[in-house]
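Have a look at the structure below, then the notes.
The values are calculated or read from the model by the stated rules, or taken from the named source; none is laboratory data. What you see is a predicted model; the values in this text were computed from it and never measured. Here Cβ is always computed from backbone atoms with ideal geometry, including for glycine, and neighbour counts include all displayed protein chains. Accessible surface areas use protein heavy atoms only, side chains included; no ligands, DNA or RNA. Shrake-Rupley method; radii C 1.70, N 1.55, O 1.52, S 1.80 Å.
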Amino acid sequence: MSLHYTETLRGSYFLVETPDDVRACEVSINVRLPRPKGRVHEFEAEMTGSATFDQLANQVPIDGSLRMRWIRPRRVDYQFTFLTNDGQPLLFRGAKHPSLLRPLYTATTLWGTVHEGERAIAMVSLHFDLRRDFVAFLQSLERQRDE
């Protein structure tokens, strides 16, 4: 069986060239996590959804992957591509670093960068709002039989 869920992250970003111009962003991520075969410490999931980066991309589709690593150092890596409003391809790379010392903060905070080719053009801070989105997250959880 595989697991499907939707995670909505909201926050802000700024372009590296203009760090004082902080803008809003929101990413809605649909994750399809296949059932791991045997005992694994790291696995990868498919990611789709949509992203809005104010003045850069508005409700554009995303496509990427989510990689979870449960042994030290624990990490959840997010990577997805999207197109700007004018059709420029960009890549988001970010990670959560789960910690038992600060479980809520580390499980709900995603730091990342937006890249144009190999060059980082923006710094991003995204957060999962437990009060606002936890019920919707729980309602999105779905197990499906593998075919």
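Hey, what angle do you get for helix 130-140 against the long axis of the chain, alpha-carbon based, 0 to 90 degrees rounded to 10?
50 degrees
Want the number for GLU17 to ARG67: 0.36 nm per residue separation, take away the alpha-carbon distance, what's left?
My answer for the length gained is 15.0 nm.
Projecting each Cα onto the charge dipole of the chain (Lys/Arg +1, Asp/Glu -1 at the beta carbon, about the Cα centre), which of SER99, CYS25, TYR13 comes out farthest on the positive side?
Toward the positive end, the furthest listed residue is SER99.
Express the accessible area of the chain per residue in Å², computed with a 1.4 Å probe while the remaining protein chains stay in the model.
Here the residues of the chain average 62 Å² of exposed surface.
Please report, in debye to the nearest 20, how large the charge dipole of the chain is about its Cα centre when each Lys and Arg carries +1 at its beta carbon and each Asp and Glu carries -1 there.
Dipole magnitude for the chain comes out near 960 debye.
Can you sort PHE80, PHE128 by solvent-accessible area, 1.4 Å probe, largest first?
Result, largest first: PHE128, PHE80.
Which whole-number percentage describes the relative contact order of the chain, with Cα contacts under 8 Å and a sequence gap of 6 or more?
Taking the mean separation of contacting Cα pairs over the length of the chain, I get 25 percent.
How large a share of the accessible area of the chain, in percent, is made up of carbon and sulfur atoms when the probe is 1.4 Å and the other protein chains stay in place?
Carbon and sulfur together cover 53 percent of it.
Would you kindly calculate the mean projected area, averaged across all directions, of the convex hull enclosing the Cα atoms of the chain, in square nanometres?
10.0 nm²
Starting from 0.36 nm per residue, how many nanometres of slack lie between GLN139 and THR106 once their C-alpha separation is accounted for?
Fully extending the segment from GLN139 to THR106 adds 9.7 nm.
SER28: net charge of surrounding residues, Cβ under 11 Å, Lys/Arg +1, Asp/Glu -1, itself excluded?
In short, -2.
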